[in-house]
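The values are calculated or read from the model by the stated rules, or taken from the named source; none is laboratory data. None of the values given here were measured: they were computed from a predicted structure. Note that we place each Cβ from the backbone using ideal geometry, even for glycine, and neighbour counts take in every protein chain shown. SASA here: full protein model, heavy atoms, side chains in, ligands and nucleic acids out. Shrake-Rupley method; radii C 1.70, N 1.55, O 1.52, S 1.80 Å.
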Amino acid sequence: QVQLVESGGGLVQAGGSLRLSCAASRSVFSIMNWYRQAPGKQREFVAGISSGGGTNYADSVKGRFTISRDNAKNTVYLQMNSLKPEDTAVYYCNTSPRPQTWGQGTQVTVSS
């Protein structure tokens, strides 16, 4: 099992930016994804990155969010720009296709 620790969330005004980090307890050679869960909603996919750097995004965040990874630091990042109130959620990272135990997530709150 790999332990995942998310950080970097906070309260930001609409239009602002945040950078989330996901630190893994050891090297991860699989796809790493970011997910989010808003109150009363199911967890949803946000962005993913392969070990080689290939990326994909949910339509709702394309052009605003950028996922990246630093394999030397066992860390995945999510740069979030032009944030909207509907981006408010707890953000989680996990491996794919075999997910690990979910971490505690990091809260992102975007005020209008």
Residue hits (the stretch 66-83; within 17 Å of residue 45 (Cα to Cα) and either polar (S, T, N, Q) or open to solvent by 60 Å² or more (accessible area, probe 1.4 Å) (or both)) are 66, 68, 79
From the option list 63, 52, 105, single residue qualifying as among the small types (Gly, Ala, Ser) and closer than 15 Å to residue 6 by Cα is 105
Of (1) free of Cβ contacts under 8 Å to residues at least 12 places away in the same chain; (2) small (Gly, Ala, Ser); (3) in a strand (DSSP E or B), residue 48 satisfies every one except (1)
Log entry, pairs with first residue in the stretch 57-71 being within 13 Å of residue 86 (Cβ to Cβ), second being open to solvent by less than 40 Å² (accessible area, probe 1.4 Å) and part of a loop (DSSP other than H, G, I, E, B), beta carbons closer than 8 Å, six or more apart or on different chains, reads 64/83
Heads up, the strands (runs of 3 or more DSSP E) in the stretch 60-112 (entirely inside) with at least 1 residues that are farther than 25 Å from residue 27 by Cα are 89-96, 106-111
Exactly one of 47, 23, 38, 58 is open to solvent by 40 Å² or more (accessible area, probe 1.4 Å) and aliphatic (A, V, I, L, M), and that residue is 23
In the stretch 1-41, anything free of Cβ contacts under 8 Å to residues at least 60 places away in the same chain, assigned to a loop (DSSP other than H, G, I, E, B), more than 15 Å from residue 88 (Cβ to Cβ) and not aromatic (Phe, Trp, Tyr) is listed as 25, 26, 27
When (1) out of contact with any Gly (no Cβ under 6 Å at 6 or more places or on another chain); (2) farther than 14 Å from residue 110 by Cα; (3) not aromatic (Phe, Trp, Tyr) are applied to residue 6, the one that fails is (1)
Of the candidates 21, 96, the one satisfying the condition of being farther than 14 Å from residue 2 by Cβ and within 14 Å of the chain's Cα centre (by Cα) is 21
